[in-house]
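The values are calculated or read from the model by the stated rules, or taken from the named source; none is laboratory data. Since this is a predicted model, take the numbers as computed values, not measurements. Don't worry about glycine lacking a Cβ; one is built from the backbone with ideal geometry, like all the others, and counts go over all protein chains shown.
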């Protein structure tokens with residue numbers, strides 16, 4: 001394994017830990033807060049948070065990715081990027097705060113004014129932290145960043161739950177996002193050991209804006225489509241539907257951050273510094289991401305409906321029924337998650353932005369049409385976008401990178417087929433086994449273990465023989481202790 005590949009694998013491991021730890025804290029806070037509130041109260045809080053999370057991606061990806069993507073960076077580059085990002089954060093926060101009365105009027109909820117103004121501060125905090133985080137990631141100093149950010153997220157979760165138990169209601173949800181963003185700002189500044197200077201270049205700013213806006217737009221559209229659907233459903237059907245869709249999509253977003261996001265975050269610097277055949281690098285990345293993400297999402301599709309009812313109760317059953325369907329959205333999302341970093345690395349961010357825009361438009365339109373039949377209908381619409389976006393993405397990859405559509409299909413099928421077999425096994429166990437409340441958790445845990453073991457066995461003894469090209473990247477990226485088992 002090359003030095004770059006080894007560092008990328010180590011970085012991916014620490015990113016798994018960071019994203020996993022933060023998402024564990026987010027999940028604890030999310031489900032605890034949902035359980036302590038009515039769907040209506042939770043839905044009201046979810047509206048300004050959804051808006052802020054969409055805009056936060058502009059700050060967490062655009063200029064930050066410019067810094068990461070450069071082979072070398074100077075003080076001029078980082079100073080310019082920081083001031084651009086911080087200025088954008090302040091601008092977006094101001095626009096959100098000014099829009100608060102309109103948002104309250106549109107959704108018919110006066111409390112949204114103060115909630116939205118408070119939530120807008122998240123954008124200021126994120127704008128001030130992203131470039132420091134980029135510098136840390138460029139130096140592959142993931143360990144301390146992981147530990148510090150996980151601690152900040154856990155502290156925010158504890159504070160939000162404490163507020164909710166004391167009757168703060170929707171404010172507890174906004175407080176979680178504020179406290180977490182402030183905590184992340186503090187730890188990244190401490191760890192970066194760098195403060196922005198005043199070496200700002202107008203020519204460098206123009207260059208970063210020309211490149212960065214496409215990165216940011218692509219990231220917003222790739223990761224924010226479910227948030228757009230959430231806001232649209234709120235306009236159509238009210239805050240309670242927002243809450244149900246938000247809870248239904250939480251499993252999807254949790255798995256995206258834990259399994260897909262760490263790998264994808266490593267891909268941009270790895271692709272940018274890789275030499276040789278781009279199609280080989282892309283196929284290996286697609287294989288590694290699919291091997292981990294696809295079984296995680298498909299397994300969650302089998303268990304999420306049961307899990308959410310156990311955790312939150314019958315009040316949230318509409319969300320539980322939709323959650324399993326939303327997990328299948330990994331298939332239309334997966335190709336974009338791997339393709340966009342490669343397009344950025346080869347200097348085609350405009351195409352990445354257009355692909356993301358098209359996918360988001362199709363997802364939102366299909367979801368809103370499906371929303372006529374409720375939350376589950378909206379979830380079906382989100383998944384159905386793959387009928388359009390998957391063929392388009394594969395053809396774009398073939399045209400620009402030279403990787404044939406058949407090779408892409410074989411790689412995805414190598415892990416999708418065992419995952420669907422696992423899905424059927426898990427669903428069969430949950431349907432056949434007793435559903436008494438006392439035994440429900442035991443049955444669910446047993447189903448997960450059996451399904452996971454079946455998937456591992458099918459990959460180890462089936463995929464390794466039938467699709468060796470898809471299997472080989474797993475052996476290369478695996479820790480040394482696991483390689484004897486995988487080889």
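Structure notes:
- Counting the residues of the stretch 300-319 that are touching a residue at least 24 places away in the same chain (Cβ under 8 Å) and over 16 Å from residue 441 (Cα atoms) gives 5.
- Residues of the stretch 418-433 include at least one that is free of Cβ contacts under 8 Å to residues at least 40 places away in the same chain, farther than 30 Å from residue 278 by Cβ, touching a helix residue (DSSP H, G or I) at 6+ places or on another chain (Cβ under 9 Å) and not in a helix (DSSP H, G or I).
- Tally, over the stretch 358-385, of residues that are buried (at least 22 other Cβ atoms within 10 Å of the Cβ) and not in a helix (DSSP H, G or I): 1
- Across the stretch 289-299, not a single residue is classified as surrounded by fewer than 24 Cβ atoms within 10 Å (Cβ to Cβ), free of Cβ contacts under 8 Å to residues at least 24 places away in the same chain and not assigned by TED's automatic domain parsing to the domain that holds residue 219.
- Summed over the stretch 210-226, residues that are modelled with pLDDT under 80 and over 30 Å from residue 367 (Cβ atoms) total 1.
- Residue identified as out of contact with any helix residue (DSSP H, G or I) (no Cβ under 7 Å at 6 or more places or on another chain) and either crowded, with 20+ Cβ neighbours inside 10 Å or at pLDDT 90 or above (or both) among 89, 94, 62: 94
- Scan of the stretch 141-168 for residues that are closer than 19 Å to residue 64 by Cβ and under 21 Å from the mean Cα position of the chain (by Cα), ordered by number: 142, 145, 146, 148, 149, 152, 153
- For beta carbons closer than 6 Å, sequence separation of 6+ or different chains, a first residue in the stretch 437-453 that is under 15 Å from residue 309 (Cβ atoms) and a second that is at pLDDT below 85 and outside any helix (DSSP H, G or I), the qualifying pairs are 443/433.
So that you can scan it fast, the table gives a plain yes or no per residue for (1) buried (at least 24 other Cβ atoms within 10 Å of the Cβ); (2) outside the structural domain of residue 110 (by TED's automatic domain parsing); (3) at pLDDT below 85:
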{"residue": "186", "(1), (2), (3)": "no, no, no"}
{"residue": "193", "(1), (2), (3)": "no, no, yes"}
{"residue": "197", "(1), (2), (3)": "no, no, no"}
{"residue": "201", "(1), (2), (3)": "no, no, no"}
{"residue": "208", "(1), (2), (3)": "no, no, no"}
{"residue": "246", "(1), (2), (3)": "yes, yes, no"}
{"residue": "277", "(1), (2), (3)": "no, yes, yes"}
{"residue": "280", "(1), (2), (3)": "no, yes, yes"}
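- Any hit, the stretch 386-398, residues being part of a helix (DSSP H, G or I), more than 27 Å from the chain's Cα centre (by Cα) and surrounded by 15 or more Cβ atoms within 10 Å (Cβ to Cβ): no
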